[in-house]
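Enquirer: Take a look at the following structure, please.
The values are calculated or read from the model by the stated rules, or taken from the named source; none is laboratory data. Every value quoted in this text rests on a predicted model; they were computed, and no experiment measured them. Cβ coordinates were reconstructed from backbone atoms using ideal geometry, including for glycine residues, and neighbour counts include every protein chain displayed.
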Amino acid sequence: MQVSKTSNPVLGIMSGTSLDGVDLALCLFTESGNKISYSFLQTETVPLPAFWLDIFRNPFQLSAEELAKLHVEFGKFLGETANVFLKKNQAKAGIISSHGQTLFHNPKSGYTFQLGHGAAIAHATGIDTVCDFRTGDVVLGGQGAPLVPIGDELLFGNFDGCLNLGGFSNISCRIPGKGRIGFDISPVNYVLNDLANKLNLPFDEDGKTAASGHLIPTLFDALNALPYYAQNAPKSLGAEWVKEHIFPLMDESTYAVSDLLRTFTEHAAHQIAITTKELGIESLLCTGGGAKNNFLVDRIQHLTGNIINLPDHKTLDFKEALIFALLGYLRVHEKTNVLASVTGALANSCSGAIYKAFPQVGY
């Protein structure tokens, strides 16, 4: 007879490149044999204050000293945010697992950096904290991304593929003989939200502005011709790549923002369609903020012919926070949480830095 084992609550904290807020998901994981199931206890998205939004949109102007200072300050902010969340829900967490905010990601040059020091989170909350999940994989020669596929494998393995539409789109699926693979497909909300900001909108709700625009064929062709799309996996994208390759193309254009939104939406859907067809995927679990963009999802559905599965609203909104909670759970139990078949590293790894809680003496 198999014995089920349920974890203490794990608080996953996710702050993504789409800059649509800090996602908090308090989760339970239950192991039975070699299977893991999950349940949400409480969830919430907390908007990012304007101060942090300004920092995240322009990280390349920071000095080394400013970066070191902000690393601790954002950790303190995340810890205090976690405290408010837990107190409001009269809940406790056994561990906190924080993704942090990716400011720099250049695995080709051997580095990646997520702002939000785990020591500051642990000190602010009095809860052991796991963070910095990507560096260990990069040191092993991997991309350090995407990390979500381990959760796709363990929690959502019944789907042909799992597509996340966040700041970037990424996909994972199981390939016979290779195991689980995954990679970033293209930018999505990182660019769409930036364009919406030019209209004083935080984002293009339901893709309505994009739907009202017209396709710009020359821009569409130029975007699709970028060399990244012809590269084989493993591969990943970061803000540096967007600033170097995407924004210059958009800035050269004199077209209306609605036309730029329409064209980039079509570009993102086009690249997803190419990828799913190459991988032979027929049914997709689709999550992330972009899954609420009806126009984008409709274009993906039209171009791929795939069955797009949208989960319950909590899984839709908090899948990444859930999976980073899982990564922290696996880390403290010294189990594999990063797959070399996805990242291209020399080996699977149990990645993440653990910061033990300090006595609550305050800052």
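Enquirer: Could you list all residues from region 318-358 that are in contact (Cβ under 8 Å) with a residue 60 or more places away in the chain, farther than 20 Å from Gly182 by Cβ and exposed (fewer than 15 other Cβ atoms within 10 Å of the Cβ)?
Expert: Lys356, Phe358
Enquirer: Name the helices (runs of 4 or more DSSP H) wholly inside region 205-317 in which the number of residues that are touching a residue at least 24 places away in the same chain (Cβ under 8 Å), among the polar types (S, T, N, Q) and within 23 Å of Arg57 (Cα to Cα) is 3 or more.
Expert: Once the helices (runs of 4 or more DSSP H) in region 205-317 are filtered for at least 3 residues that are touching a residue at least 24 places away in the same chain (Cβ under 8 Å), among the polar types (S, T, N, Q) and within 23 Å of Arg57 (Cα to Cα), what remains is 257-279.
Enquirer: Taking the options Ser15, Ser39, name whichever one is under 28 Å from Lys292 (Cα atoms), polar (S, T, N, Q) and surrounded by fewer than 18 Cβ atoms within 10 Å (Cβ to Cβ).
Expert: Ser39
Enquirer: Hey, among the residues in region 18-36 that are within 13 Å of Tyr329 (Cα to Cα) and out of contact with any helix residue (DSSP H, G or I) (no Cβ under 6 Å at 6 or more places or on another chain), which one's surrounded by the most Cβ atoms within 10 Å (Cβ to Cβ)?
Expert: Among those that are within 13 Å of Tyr329 (Cα to Cα) and out of contact with any helix residue (DSSP H, G or I) (no Cβ under 6 Å at 6 or more places or on another chain), it is Leu26.
For (1) crowded, with 18+ Cβ neighbours inside 10 Å; (2) of a type in the set (Gly, Ala, Ser); (3) over 28 Å from Leu147 (Cα atoms); (4) in the same structural domain as Pro47 (by TED's automatic domain parsing), each residue gets a yes or a no:
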residue	(1), (2), (3), (4)
Asn197	no, no, yes, no
Gly207	yes, yes, no, no
Phe220	no, no, yes, no
Asn224	no, no, no, no
Tyr228	no, no, no, no
Glu244	no, no, no, no
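Enquirer: From the list Glu80, Glu73, Glu31, Glu44, which residue is part of a strand (DSSP E or B), among the charged types (D, E, K, R) and touching a residue at least 40 places away in the same chain (Cβ under 8 Å)?
Expert: Glu44
Enquirer: Counting residues that are at negative phi and outside the structural domain of Ser39 (by TED's automatic domain parsing), which strands (runs of 3 or more DSSP E) fully inside region 109-180 reach at least 2? Write out each step before concluding.
Expert: Details: elements: 111-115, 129-131, 161-165, 168-175.
The qualifying strands (runs of 3 or more DSSP E) are 161-165, 168-175.
Enquirer: Here's a follow-up. With the structure loaded, tell me whether Thr112 is β-branched (Val, Ile, Thr), farther than 30 Å from Ser341 by Cα and modelled with pLDDT of 95 or more or whether it fails that test.
Expert: no
Enquirer: Within region 323-355, work out how many residues are assigned to a strand (DSSP E or B) and farther than 16 Å from Asp128 by Cα.
Expert: Result for region 323-355: 2.
Enquirer: So, one more: Filter region 57-70 for residues that are surrounded by fewer than 19 Cβ atoms within 10 Å (Cβ to Cβ), part of a helix (DSSP H, G or I) and modelled with pLDDT of 95 or more and give the result. Write out each step before concluding.
Expert: If we filter region 57-70 for residues that are surrounded by fewer than 19 Cβ atoms within 10 Å (Cβ to Cβ), which is where we start, we get 57-69.
Narrowing the set further to residues that are part of a helix (DSSP H, G or I) leaves 57, 59-61, 64-69.
Those that are surrounded by fewer than 19 Cβ atoms within 10 Å (Cβ to Cβ), part of a helix (DSSP H, G or I) and modelled with pLDDT of 95 or more: Ala64, Glu65, Glu66, Leu67, Ala68, Lys69.
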